[in-house]
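Remarks on the structure that follows.
The values are calculated or read from the model by the stated rules, or taken from the named source; none is laboratory data. Here the structure is a predicted model, which means the values were calculated and not measured. Reconstructed Cβ throughout: ideal geometry from the backbone, glycine too, with neighbour counts over all protein chains shown. Just so you know, the surface numbers come from the protein's heavy atoms only, side chains and all, with ligands and any DNA or RNA stripped out. Shrake-Rupley method; radii C 1.70, N 1.55, O 1.52, S 1.80 Å.
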Amino acid sequence: MTKLAANLTMLFTELPFLDRFEAAAKAGFKGVEFLFPYAFRPEQIADKLSTHGLQLVLHNLPAGNWEAGERGIACHPDRVSEFRHGVDEALRYAKVLGVKQLNCLAGIAPAGVSAELAQATFVSNLTFAADKLQAAGIRLLIEPINSFDIPGFLLTRTRQALDLIKATGSGNLFVQYDIYHMQRMEGELANTIMANLPMIKHMQLADNPGRFEPGTGEINYRFLFAFLDDIGYDGWIGCEYKPKAGTVEGLGWRAAHGV
């Protein structure tokens with residue numbers, strides 16, 4: 001059965017962040033996710049989750065200066081200490097919020113650093129983070145992101161993610177599969193998901209083009225939702241899209257797609 005989580009970074013942005021939890025619950029969501037919790041005390045967010053009966057299913061490790069355009073620092077060889085501090089900070093939040101999986105954004109490959117060094121740094125940081133999170137009972141994920149939206153992003157394809165996981169040798173590192181990003185980079189959504197299902201522990205959605213809600217673009221979400229049920233995907237699917245005409249106004253796609 002499809003389990004949809006509202007991405008509170010993208011949805012209900014008509015409201016202040018802490019008010020989006022109530023709006024998501026009223027809209028029928030049982031789970032939520034967001035990019036980062038770090039602008040708020042963990043106790044503030046935990047209170048919202050408890051009050052509105054919501055489960056937090058995912059957030060990211062700290063990813064550098066987001067407002068300045070950084071999209072992760074895990075591949076930056078000169079910021080390993082900052083990355084490790086971020087793992088500790090994410091763990092502090094995760095323990096209060098009860099989240100059981102965290103995503104690590106690879107980041108944009110830094111200028112002047114060879115591809116080999118950037119990848120080696122990423123593998124080393126992933127190994128460190130996966131081991132530390134495993135001790136706390138928390139899963140680590142990595143997410144390929146399309147190079148049209150974020151030029152220079154280090155991790156852009158499913159096969160690349162799987163190879164990086166293999167390079168770490170970790171049993172606590174998995175794939176976050178974003179349907180929108182992988183439609184842009186690869187296509188072959190159903191076959192790729194089926195072939196790698198044991199390694200995919202979280203999914204996200206948006207339609208293409210535009211990154212709007214399902215039903216606005218080329219992706220056959222009615223087929224995909226039924227397909228995911230048929231092959232036994234039992235994880236959450238985060239609704240990480242830009243509402244085309246208001247969040248609540250655009251939620252009719254769920255009924256239209258049988259979810």
- Task: Quick one: compute the contact order of the stretch 73-130, relative version, from alpha carbon pairs under 8 angstrom and 6+ residues apart, as a percent.
- Result: 58 percent
- Message: Under 8 Å for C-alpha pairs, at least 6 residues apart: give me the relative contact order for the stretch 147-259, rounded to a whole percent.
- Response: 21 percent
- Item | Residues of the chain: accessible area per residue with a 1.4 Å probe, Å² | 43 Å²
- Query: Once the mean 1/r over all distinct Cα pairs of the stretch 1-130 is inverted, what Kirkwood radius in angstroms do you read off?
  - Reply: 15.7 Å
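Quick check: at a probe of 1.4 Å, how many percent of the accessible area of the stretch 133-225 sits on carbon and sulfur atoms? List each step's numbers first, then the result.
Values: 1820 of 3590 Å².
Carbon-and-sulfur percentage of accessible area, whole number: 51.
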- Message: With every protein chain left in place and a probe of 1.4 Å, what is the accessible surface of GLU218, to the nearest 10 Å²?
- Response: 110 Å²
- Task: Quick one: among GLN44, GLN204, GLN183, which has the greatest mean-square fluctuation in a GNM of the chain with alpha-carbon springs under 10 angstrom?
- Result: GLN44
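Just the projected area, averaged over all directions, of the convex hull on the alpha carbon atoms of the chain: how many nm²?
Taking the Cα atoms of the chain, their convex hull projects to 12.7 nm² on average.
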- On full extension of the chain, what length is gained from GLU89 through LYS26, given 0.36 nm per residue of separation minus the C-alpha to C-alpha distance? 19.6 nm
- Message: Counting only helical runs of four or more DSSP H residues, what would the 222 nm mean residue ellipticity of the chain come to if each run contributes -39,500 (n - 2.57) and the total is spread over all its residues?
- Response: -11000 deg cm²/dmol
- Query: Applying the Karplus parametrisation 6.51 cos²θ - 1.76 cosθ + 1.60 with θ = phi - 60° to the phi angles of the stretch 243-250, what ³J(HN,Hα) value in whole Hz is obtained for each residue in order, glycine and proline being reported as x?
  - Reply: x, 6, 8, x, 4, 5, 4, x
- For the stretch 81-229, how big is the tail of P(r) above 29 Å, as a whole percent of Cα pairs? 20 percent
- Note on the structure: For the stretch 27-105 the trypsin sites (Lys or Arg not before Pro) that pass both the DSSP coil test and the at-most-13 other-Cβ-within-10 Å test are none
- Message: Give me the extension gain from GLU70 to GLN134: residue separation times 0.36 nm, minus the current Cα-Cα distance, reported in nm with one decimal.
- Response: 20.4 nm
- Task: Return a whole-number percent for the relative contact order of the chain, with Cα pairs under 8 Å and 6 or more residues apart as the contact set.
- Result: 19 percent
- Between ARG159 and PHE36, what FRET efficiency comes out of the Förster formula 1/(1 + (r/R0)^6) with R0 = 25 Å and r the beta carbon distance, rounded to 0.05? 0.35
- Query: Non-local amide H neighbours of HIS202 (under 5 Å, H modeled in plane, Pro and chain starts lacking H): which ones?
  - Reply: TYR177
